[in-house]
1. Do we find that Arg606 is without any contact (Cβ under 8 Å) to a residue 60 or more places away in the chain, more than 25 Å from Gln770 (Cα to Cα) and among the charged types (D, E, K, R) in this structure?
2. So the check is Cβ under 6 Å with 6+ separation or different chains; which pairs have a first residue in region 38-53 that's under 14 Å from Tyr79 (Cβ atoms) and a second one that's among the aliphatic types (A, V, I, L, M) and part of a loop (DSSP other than H, G, I, E, B)?
3. If only one of Asp70, Asp133 is among the acidic types (Asp, Glu), modelled with pLDDT of 90 or more, closer than 26 Å to Asp936 by Cβ and surrounded by 19 or more Cβ atoms within 10 Å (Cβ to Cβ), which one is it?
4. Being modelled with pLDDT of 80 or more and among the acidic types (Asp, Glu) is the filter here, so list the residues in region 461-500 that pass it.
5. Looking at region 462-490, which of its residues are assigned to a loop (DSSP other than H, G, I, E, B), among the acidic types (Asp, Glu) and surrounded by fewer than 18 Cβ atoms within 10 Å (Cβ to Cβ)?
6. Can you work out which of the residues in region 649-675 that are farther than 15 Å from Ala635 by Cα and small (Gly, Ala, Ser) is surrounded by the fewest Cβ atoms within 10 Å (Cβ to Cβ)?
7. So which residues in region 839-867 are part of a loop (DSSP other than H, G, I, E, B) and either β-branched (Val, Ile, Thr) or without any contact (Cβ under 8 Å) to a residue 24 or more places away in the chain (or both)?
8. Which count do you get for residues in region 274-287 that are part of a strand (DSSP E or B) and under 19 Å from Val213 (Cβ atoms)?
Amino acid sequence: MLPNTLTLLASLIALIKSASFRVVEPKCINGNWTPFFDRDDPSGDYDYESHLLIREKNPKEVCEHPTNVDARLLNGAHYLTAGEVVSVGPAIGLICENSDQSDKKCEDYKVRFCCPKEPSCNNGYWTTFFDRDNPSGNYDYEALSAIQNENPGKVCASPIGVDARLLNGNHYSTSGEDVTVSASLGLICKNANQKDRKCEDYKVRFCCPKEIVEPECNNGYWTPFFDRDNPSGSYDYESLSDIQKENPGKLCGNPTGVDARLLNDAHYLTAGEVVSVGASIGLICKNSDQSDKKCEDYKVRFCCPKEPIFQCPDNAWTDWFDRDNPSGTGDHEVLSVLQKENPGKICPSPSAIDAQLLNGEPYTNGGDVLSISPSNGLVCLNSGQSDKRCNDYKVRFCCFGESTCRKEDWTPWFDRDNPSGYYDWEGLATIQQENPGRVCSNPTAVDAQLINGNPYTDGGDDVVIGPTHGLTCKNDDQDDKRCNDYKVRFCCSKVSEPPACKEEHWTQWFDRDNPSGQADYEALSNLLVENPGKICAVPSAVEAQLLNGNPYTDGGDVVTVGANIGLLCFNKLQPDGKCNDYKVRFCCEPAEPVCPDNAWTGWFDRDDPTGHYDYESLADLQKENPGKICPSPSAIDAQLTNGTPYINGGDILTISPSVGLICKNSDQLDKKCNDYKVRFCCFGESTCPKEHWTSWYDRDNPSGYYDWEGLASIQQDNPGKVCSNPTAVDAQLTSGAPYTDGNDDVVIGPTHGLTCKNDDQDDKRCNDYQVRFCCSEETPSCPNDAWTQWFDRDNPSGGYDYEGLSILQQEYPGKICSSPSAVHAQLTSGEHYTAGGDIVNLSAQGGLICKNSDQVDKSCEDYKVRFCCAGDNQPVCRKEDWTQWFDIDSPTKSNGLSDKETLYALRERYPDEICPNPSAFDAVTVAGVSYTSTRDALSVGPTLGLICTGSIQSDRTCNDYKVRFCCEGKETGGINHEQVAEDLAAEGLSLLNTIKDDVLPSKQQSSIIIDDHLIK
């Protein structure tokens, strides 16, 4: 052995022996301490304060995965003061074996555990958990939008928090999977993103704000409060449909608002319960949804719109009629009765009604809850008023022509009820619910008959009837206590009218799906991907039809239709369990290009549609007109060659400033494009400096349906390597030839990337493309005074340029906060880091790492970084307080491909190099990647170390880790790294190799960092 080596080892041994420790009180960060537990004493062989056994007896007080442990003697002294050999850790608890002690007897200990806080929902309330999907397809899709759609009224519009779990109740992060979780999104797990290509099954719940906003009833009136149910059964069921049925004439058919209260008048949100509330629902509270399994008792009232006074010619109004007063049950100015009592003075079907108080004031000044319609008249019930007394009203009717409805606009007849119970209830809302899609939301008229086909007035019953209500007949209101049986139909004069859109702005019809699976899914998001360039990103309207061309409402299905959605029909929501097959088209109204007049180029018309296309592509025009068009125009304008706007052509085409205009004959209904001309906006130069281009990306090939070089996917696959908003895109064939040489019909743009669809090509096959993006200098968002100085601690002369956060924090104590919110990187020349063209890892939590072997030329550029420290964060550990790195285990077949770097085992091997109770912990893979950046499921902590169990990983194997600990204070019990580094540097690199090969036993692994180069 070399003499110098012996000297070095002697120095190391002296350092180790001189080490001392300092008791540091354990901390419970982002958690709560449990009570102390003393389940055992050392009267046997052990004092066994096991976490597992304590949790078995105290499952509600002790969590499954504590983050720290506090061990004490029974007198409250720290366990270290006893000087005994014990095993302590949050996953262990405390174990003291009598035989390990010098006097063969342990002290008696107690322990408590730090349990992480449950996700908080301050100023809000938690919904129930939802598990709407499983990963049997491509995803486990627990998306907020889908949950809201499938569970109307059960999740607020804008949750302020989310709690995601595995089905067994464990926090979602324990799965170690790559998932997306947020309050505005929910949880999405994509099978393809996981190591084993399969997600776990998750459930989510949302935190909804308790922000109490008093409901308003603008342009309407509030009904009385209704309390029809209590929670003595399974629910408190204050539903609109039941209240309408039980209180005919006391509230409108389609309320515009609802006010829900506890019986003591407090707002319903103050109860903090899970309830469904809406103007079309009322309030429904299910006992089983509540934490204490019991709902409060609620009451509701509804906002009903005031009937507008129809503009009727003066000579078309009838006289005023006042046939009743409220001395009985109310004031009944019923049309059918007035027609009988005043034959010939009121037309059969008035088109409007006007009502006043007897003193001539508008009827709304009476403030009464009443029913008023031209087909029914006016009914005010004393029992429905707060003071139990109606005002006295008079009415008149508009008989201007006939209030007819076109034959084709009448719905079928509906007879949903009979008077065998308390009512004959032919209510609009219930008929709409039982016959989805068959009755419009706002009928303009109603027609009623006895079921034998005679006019409903022949029944002689006291009924409530109106186009927004339907018909209600209450047995108790009749002289003989029995209603006739009625049927109704409604006038839906606008049900089949398409949305407003100029015909030339409609796209073609799309039918991408059929209901043979779970749904007919004509979603805009899918159609945009499958039909690039054929639909605008933000349509202004959508029209849907059955495949036979009839209005989609004729299908009678429960569907979701919207301009930003398309059409969604789920089989399970239909009465017969099966959707019809639908098609959709979208309204794409073009925006006027913005450009100064003097910045437009001349007009260009290089092609005509005599072949397969009218191909006015930018690339070809630039080649054919050198110097006349800037490299990257900011806008494009197009016209027919006769000078009319291009939209007048009515063609389906691709148009963008980065592509030009492409019109394909085969895409048109008549198989022929119009002839177009284009011009471009060259306001300044939209060029990209060489140093701002990213690397080339070829993420897909056309072996499937597309060659899909999409910006979003490239950003996702290459985090930090492509800016969020590129200013330009460049495309090539993978051979390096210009993309236009492929002669394919493609969609290309800086915010899109490139899409080539095989079916759009003449030979049904795209070429293979690659793209790059222009990323001009982007400074991450950060207050100017919150940026640190620039740091350049390394250069790429070794294997890396390693500007790692943890190393920089050690080397510059107090100059970088513990958790930066952003990072900014540049080449040391001051250029944007992307100008280097290197593959780098960049993050606020990791800093910048560039590995030479990852680069095309096997050499990284030299980089510098700075960090955003907004707030009061301080470094976790000073440089001089970190121990060396330790790596005593690695994943092998003999240990089940696990890696265990525990504090207990490390202190057994290195008893004087690590303090017994470190204040902080750090771990990286042997390749230098932070443990937080791997996908392994780990148990970590400053008093535990690191445990990675191979059998629970998605790929059944762990990474190989090394760990270090923070021992605060000068007397750390560790090695003086600076002194060791100086000594080893003096001996030279050959000495290091000698130590590695000759001194260290082959089975013992040791790590020493000198100038951040790892010697193992």
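The values are calculated or read from the model by the stated rules, or taken from the named source; none is laboratory data. Keep in mind the model is a prediction, meaning the values are calculated, not measured. Backbone-built Cβ (ideal geometry, glycine too); neighbour counts: all protein chains shown.
1. Numbers: without any contact (Cβ under 8 Å) to a residue 60 or more places away in the chain: yes; more than 25 Å from Gln770 (Cα to Cα): yes; among the charged types (D, E, K, R): yes.
Spelling it out, Arg606 is indeed without any contact (Cβ under 8 Å) to a residue 60 or more places away in the chain, more than 25 Å from Gln770 (Cα to Cα) and among the charged types (D, E, K, R).
2. none
3. The conditions single out Asp133.
4. Of everything in region 461-500, those that are modelled with pLDDT of 80 or more and among the acidic types (Asp, Glu) turn out to be Asp461, Asp476, Asp477, Asp479, Asp480, Asp485.
5. Asp479, Asp480, Asp485
6. Restricting to residues being farther than 15 Å from Ala635 by Cα and small (Gly, Ala, Ser), the top hit is Ser666.
7. Initial filter on region 839-867 (part of a loop (DSSP other than H, G, I, E, B)): 839, 844-846, 855-862.
Those that are part of a loop (DSSP other than H, G, I, E, B) and either β-branched (Val, Ile, Thr) or without any contact (Cβ under 8 Å) to a residue 24 or more places away in the chain (or both): Ile839, Gln855, Val856, Asp857, Lys858.
8. Going through region 274-287 one residue at a time, the tally reaches 6.
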